[in-house]
Amino acid sequence: MAESSQKAFITGWPVTHSRSPLIHGHWLAQHRLDGSYEKQGVEVAGLADLFDAVRRGEWLGGNVTLPHKEAAFALVDEVHEPAKRLGAVNTVWHAGGRLHGTNTDGLGFLANLDERSAGWDAAPKHNRGALVLGAGGAARAIIVALQDRGFAPVFIANRTVEKAKQLAVEFGAPCKAISLEDSCEVAKNIAFMVNTTSVGMDGKSAPINLDAFPQDCLINDIIYSPLETPLLADARKRAMPVVDGLGMLLHQAVPGFEHWFGVRPSVTEDLRSLILCDLGATP
Ligand code: ATR
């Protein structure tokens with residue numbers, strides 16, 4: 001049994017379906033560390049108490065998931081980039097008597113693509129631009145990550161165009177808001193497209209028709225259950241390059257584990273297979 005000071009958590013409301021305990025449990029066992037990673041479901045009113053327990057050293061830190069990422073941003077003592085730009089924190093840790101927070105969603109998104117499609121962001125592709133479907137929390141982290149890698153323009157297409165417009169204003173110059181219908185018009189030159197909407201989780205519907213996209217456009221979905229979404233299946237049929245969303249989940253977990261347990265863990269095929277089995281998919 002781990003000492004109380006060797007514990008990390010995932011909090012949110014609810015946290016029942018989180019795969020994070022499986023990921024961190026795998027790394028703890030792999031590195032033979034006497035630590036633990038536990039679900040701590042709390043409603044937003046309980047978040048400050050949980051964070052105080054981290055400040056007292058009862059926890060090493062933890063992950064914060066929906067719907068608490070914005071509340072966590074307001075409660076930590078030190079906010080690190082890119083959480084500052086996003087206004088949302090998904091990883092907290094205790095250091096020097098203060099509670100630190102960052103956001104690793106964008107890093108996980110980029111590391112997944114770097115690993116599974118090396119060169120996806122090579123310079124000539126920047127100027128062809130990227131298209132982000134959706135304007136929720138995940139889209140925000142991804143838009144900032146794409147900007148950081150030099151993509152311009154970054155089109156943001158959302159069912160509720162007003163939300164896409166708000167993001168374009170907030171994140172500035174390379175971002176352009178469009179409707180989902182108009183996304184087919186900008187598609188012909190796009191080098192990279194990612195789905196951040198929930199469309200496809202049912203395994204039946206795709207968020208966009210790929211007819212207008214160039215054959216070499218990389219198609220990415222951040223949904224990982226099902227792993228092969230209808231969007232990815234369609235892209236694969238057209239022989240377009242595809243990257244699924246599981247790696248984003250795995251890579252976004254790396255910095256937290258390193259902060260808490262002092263070891264930088266690796267995202268391996270073994271870990272991927274473990275999560276795929278849990279999802280009921282064939283590795
Ligand atoms: P997250 O924080 O995980 O990104 P979210 O904030 O709930 O999740 O965002 C979900 C995204 O999926 C939104 O962009 C939403 O579009 P709206 O802003 O118009 O609600 C998009 N979405 C959900 N269901 C959709 C549907 N049936 N068709 C198109 N977009 C959909």
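No lab work stands behind these numbers, since they all come straight from the coordinates. From a predicted model like this one, the values you see are computed outputs, not experimental measurements. Here the Cβ is made from the backbone with ideal geometry for all residues, glycine too, and neighbour counts use every protein chain on show.
Couple of notes before you dig in:
- Taking amide H positions as modeled 1.01 Å from N, with prolines and chain starts lacking one, the residues under 5 Å from Trp13 and 5 or more places away or on another chain are His68.
- FRET efficiency, 1/(1 + (r/R0)^6) with R0 22 Å, evaluated for Lys204 and Arg159 via beta carbons: 0.80
- Ordering Val263, Gly247, Ser273 by Cα displacement along the dipole of the stretch 226-283 toward the positive end leaves Gly247 in first place; charges were set at the Cβ atoms of Lys, Arg (+1) and Asp, Glu (-1).
- Euclidean distance of C-alpha centroids, the stretch 141-204 and the stretch 255-281, integer Å: 29
- For the peptides 184-196, 17-29, the ranking by packing is 184-196, 17-29, with the highest mean count of neighbouring Cβ atoms within 10 Å listed first.
- Fluctuation leader among Gly172, Gly61, Gly129 - the chain, Gaussian network, Cα springs under 10 angstrom: Gly172
- Database remark: amide H of Glu38 closer than 5 angstrom to the amide H of Ala8, Phe9, Ile10 (H placed geometrically; neighbours at sequence offset of 5 or more, or on other chains; Pro and chain starts carry no H).
- Only Cα pairs under 8 Å and 6+ residues apart enter the sum, and on that basis the relative contact order of the chain stands at 15 percent.
- When peptides 31-44, 91-104 are ranked by their average number of other Cβ atoms within 10 Å per residue, the highest-first order is 91-104, 31-44.
- For the stretch 223-229, putting each phi into the Karplus relation 6.51 cos²θ - 1.76 cosθ + 1.60 with θ = phi - 60° gives couplings of 5, 10, 9, x, 5, 9, 6 Hz, in residue order, rounded to whole numbers and with x for Gly and Pro.
- Residue among Ala138, Ala130, Ala239 with the largest mean-square fluctuation in a Gaussian network model of the chain, springs linking Cα atoms under 10 Å: Ala239
- 5 angstrom amide H check on Val242, placed H, neighbours 5+ away: Ile219
- Unit charges at the beta carbon, dipole of the stretch 129-269: most positive-side option, Ala145, Cys175, Gly200: Cys175
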